[in-house]
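Down below is the structure, laid out as structure tokens.
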Amino acid sequence: LEILYYLIWEDSEPVKNRIFKVRNDNDYYIKHLGVSVIGEMIGWARPNKYPIRNNRVNEALTALDFKVNVKP
């Protein structure tokens, strides 16, 4: 629970750094928790600060004529 709290709510560190730690640092790693799930969790918990971005959202934005840059 402490790691999830850190991941979602700890604003003293950029979210990209927190995601990297949870995926790559043995002290923060949670088994079976992938980047997609992490992004969804953060987006659902804090939608005003970190909007949910997944392929469905990217397709909808593209359909609305927004430029969407998806990194592989």
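The values are calculated or read from the model by the stated rules, or taken from the named source; none is laboratory data. All values reported here derive from a predicted model rather than from experimental measurement. Quick reminder, even Gly has a Cβ in these numbers, built from the backbone with ideal geometry, and neighbours come from all protein chains shown. Just the protein is used for accessible areas: all its heavy atoms, side chains included, with ligands, DNA and RNA removed. Shrake-Rupley method; radii C 1.70, N 1.55, O 1.52, S 1.80 Å.
Of everything in segment 1-51, what is hydroxyl-bearing (S, T, Y) and touching a Phe, Trp or Tyr at 6+ places or on another chain (Cβ under 9 Å)? Give them in sequence order. Can you show your working first?
The first filter runs over segment 1-51 and keeps only residues hydroxyl-bearing (S, T, Y), leaving 5-6, 12, 28-29, 36, 50.
Y6, Y28 - these are the residues of segment 1-51 that are hydroxyl-bearing (S, T, Y) and touching a Phe, Trp or Tyr at 6+ places or on another chain (Cβ under 9 Å).
Here R23 fits the description: touching a Gly at 6+ places or on another chain (Cβ under 9 Å), part of a helix (DSSP H, G or I) and touching a residue at least 12 places away in the same chain (Cβ under 8 Å).
Within segment 14-37, restricting attention to residues that are over 17 Å from L1 (Cβ atoms) and open to solvent by less than 40 Å² (accessible area, probe 1.4 Å), the residue that is modelled with the highest pLDDT is V15.
So, in segment 38-72, of the ones that are small (G, A, S) and without any contact (Cβ under 8 Å) to a residue 24 or more places away in the chain, which residue ends up farthest from Y5 (Cα to Cα)?
Going through segment 38-72, the residues small (G, A, S) turn out to be 39, 43, 45, 60, 63.
Right, trim to without any contact (Cβ under 8 Å) to a residue 24 or more places away in the chain and you get 39, 43, 60, 63.
Details: G39: 14, G43: 14, A60: 30, A63: 35 Å.
That would be A63.
Only a single criterion out of (1) of a type in the set (D, E); (2) surrounded by 11 or more Cβ atoms within 10 Å (Cβ to Cβ); (3) more than 14 Å from the chain's Cα centre (by Cα) is not satisfied by E40, namely (3). For L33, the conditions (1) closer than 23 Å to V70 by Cβ; (2) part of a helix (DSSP H, G or I); (3) not basic (K, R) all hold with the exception of (2). Scanning segment 52-72 for residues being surrounded by 11 or more Cβ atoms within 10 Å (Cβ to Cβ) and part of a loop (DSSP other than H, G, I, E, B) gives a total of 4.
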